[in-house]
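One structure is given below, encoded as structure tokens.
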Amino acid sequence: MNIRISSWRGAVAALALAMGGLLLGSAAEATPGFARQTGMACLACHFQHYPTLNSFGRAFKATGYTMRGVQPVIEGDNLSMPADLNMTLVTKLRYQKSNGDGANTATNHGEIQWPDEAALLLGGRVGENVGFMLEHATFGEAAVGEDTDGDGIIEDGELGDGSFSLFNSFKVHFNLHDIGATRLSTVLFSTDAGGASYGFELLNTGAQRFMRPIEERSTMSASQYLGLGNGEATGLAFVLSNPGWFVNYSAWAPAFGNIEAPKFASYLRAALTPNLGGWDTGFGVQYFGGEYGARVDGTGILEKTEGWVLDAQAQGEMSGMPLGLYASYGTVPTKANNHFNSGAKDKKALGLMAELGVIPNKANVYLAYRNADNGAASNNQDNAITLGGSWMVYQNVKLELFHTAKSGNAYSPKPAGGDAITTLMIFAGF
């Protein structure tokens, strides 16, 4: 539910009540699902704050969430699963105010987004070598069935357009074989927003939509700005992972739910994750290629999926304060039927970000910068700067305040929605 308000004073008052409950209440101390499974604090897996992973978090994810902990396990022949189904309620509550003058743009007047996101996450160990993750929507409008044959009954095959599913994202991770420290895995996945990289990703550069340090993903990440690390995707990932590197090849289709896919596109991800002088680093490449085959009005048109990104990260300390550095650069060529760009010119983006923990694991400040070409024939320069900070009320409750200012001829003249926006957000997992 989104609510417009006409002044900052009203916004602050409304959000103060919500934040007061979080700051004073004790319910927020309950840890999310994986912490329940392992018996470990959130910061055991996360650098500074969630969802940013550290090296231990990468190892936990690379195993498909199968690591055991203090939680009782039911075991028998070909059986090894937690005694309880682990669940997390994730919520994002936001207030946004933009500087545009379009009468029909809600954020120009100040908008409370209550909630911006809300989902139940279920996941963890299924067996010794199998894990899963499910994002279950808690609100929305399901697709309405359609009686296409006119018999008055909605039957199988007459289920509407499938534009909404209570399963937002789902994957099952199978660990197939270990060769020393290297693991061969395969992951079945389908997502409404996570992109082809949803099957398997470990870096925090925004190569995958749900893995970035800050809320404003399109400023700090080339993958997110270009649309390569997000969107609908269904496929099968084949993964080799090691503490020092990982490779993911995915056969995928840019669609969600029931799909017709006589031919799949290709996604290749490779990254090194060495420790250099006490810094946890990552250097990677994403490559999208091939064509996705689907019948379009009976014509059999093939949709191309072409683009690439180079990215890097470094997580360590400076003067006793945790510091995260993130960079990415990519391009999407303009081609007919390219899923990512059918515009006049190639799309390009550079994303840079630094986040400093001024109070370690508690208070962070950050600066993100984007320099981009949106691929339009004119008004193509699309740059942005985001300045913000976050406060960890608890390890599982984060307050974030940030301001994004956009520049370049893409914003000349200034659009109805403005060229700057301020956001205050509560992000919590219970």
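Just so you know, all these numbers are worked out from the coordinates, no wet-lab data involved. What you are looking at is a predicted structure, and each value in this text was computed from that prediction instead of being measured. Cβ coordinates were reconstructed from backbone atoms using ideal geometry, including for glycine residues, and neighbour counts include every protein chain displayed.
Subtracting the Cα-Cα distance of LEU236 and ALA193 from their residue separation scaled by 0.36 nm leaves 13.9 nm. Its relative contact order, with pairs defined as Cα atoms under 8 Å and 6+ residues apart, puts region 275-418 at 14 percent.
Against the compact-protein benchmark of 2.2 N^0.38 Å, the Cα-based radius of gyration of region 30-140 scales to 1.42. The length gained by stretching the chain between LYS414 and ASN275 to full extension, at 0.36 nm per residue less their Cα-Cα distance, is 45.5 nm. Max-minus-min Cα coordinates of region 181-272 on each principal axis give 35, 35, 15 Å, with the largest extent listed first.
Among the listed pairs LYS171/LYS304; LYS61/LYS335; LYS171/LYS362; LYS348/LYS398; LYS92/LYS171; LYS92/LYS345, those with a Cα-Cα distance over 29 Å are LYS61/LYS335; LYS171/LYS362; LYS348/LYS398; LYS92/LYS345.
Here the spin labels are modelled as points 7 Å beyond Cα on the Cα-Cβ line, and at ILE74 and HIS403 they lie 5.5 nm apart. A simple spin-label model places the labels of ASP84 and LYS335 5.1 nm from each other, with each point 7 Å out along Cα-to-Cβ. Computed from the Cβ-Cβ distance with R0 of 35 Å, the FRET efficiency linking VAL130 to ASN258 stands at 0.90.
Scoring 212-220, 363-371, 191-199 by mean Cβ neighbours within 10 Å over their residues and listing the highest first yields 191-199, 212-220, 363-371. Given axes a ≥ b ≥ c from the Cα gyration tensor, I'd like to know whether region 167-222 is rounded (a/c under 1.5), prolate (a/b larger than b/c) or oblate. Verdict is oblate for region 167-222. Across region 101-108, rounded Karplus estimates of 3J(HN,Hα) from the backbone phi angles (6.51 cos²θ - 1.76 cosθ + 1.60, θ = phi - 60°) give 10, x, 5, 9, 9, 4, 5, 4 Hz, Gly and Pro being marked x. For ASP346, the amide hydrogen comes within under 5 Å of the amide hydrogens of THR334, counting only partners 5 or more places away or on other chains and with H modelled in the peptide plane. Ordered by the number of other Cβ atoms lying within 10 Å of each residue's own Cβ, fewest first, TYR65, TYR326 fall into the sequence TYR65, TYR326. For region 411-421, backbone phi angles converted through the Karplus equation (6.51, -1.76, 1.60; θ = phi - 60°) give residue-by-residue couplings of 10, 10, x, 4, x, 4, x, x, 10, 8, 8 Hz, Gly and Pro being listed as x. Coupling constants for region 67-75 follow from the phi torsions by the Karplus curve (6.51 cos²θ - 1.76 cosθ + 1.60, θ = phi - 60°), and in residue order they are 4, 8, x, 7, 5, x, 10, 8, 10 Hz; glycine and proline get x.
Entry note: region 347-410 has Rg to Rh equal to 1.15, where both radii use alpha-carbon atoms and Rh is the Kirkwood radius. Panel order for PHE430, PHE256, by other beta carbons found within 10 Å of each beta carbon, from fewest to most: PHE430, PHE256. Pop the C-beta distance of GLU317 and ALA44 into the FRET formula with R0 = 22 Å and round what comes out to the nearest 0.05. Plugging the Cβ-Cβ distance into 1/(1 + (r/R0)^6) gives 0.80.
Here the peptides 261-273, 346-358 are ranked by packing, the mean other Cβ count within 10 Å, and the order with the highest first is 346-358, 261-273.
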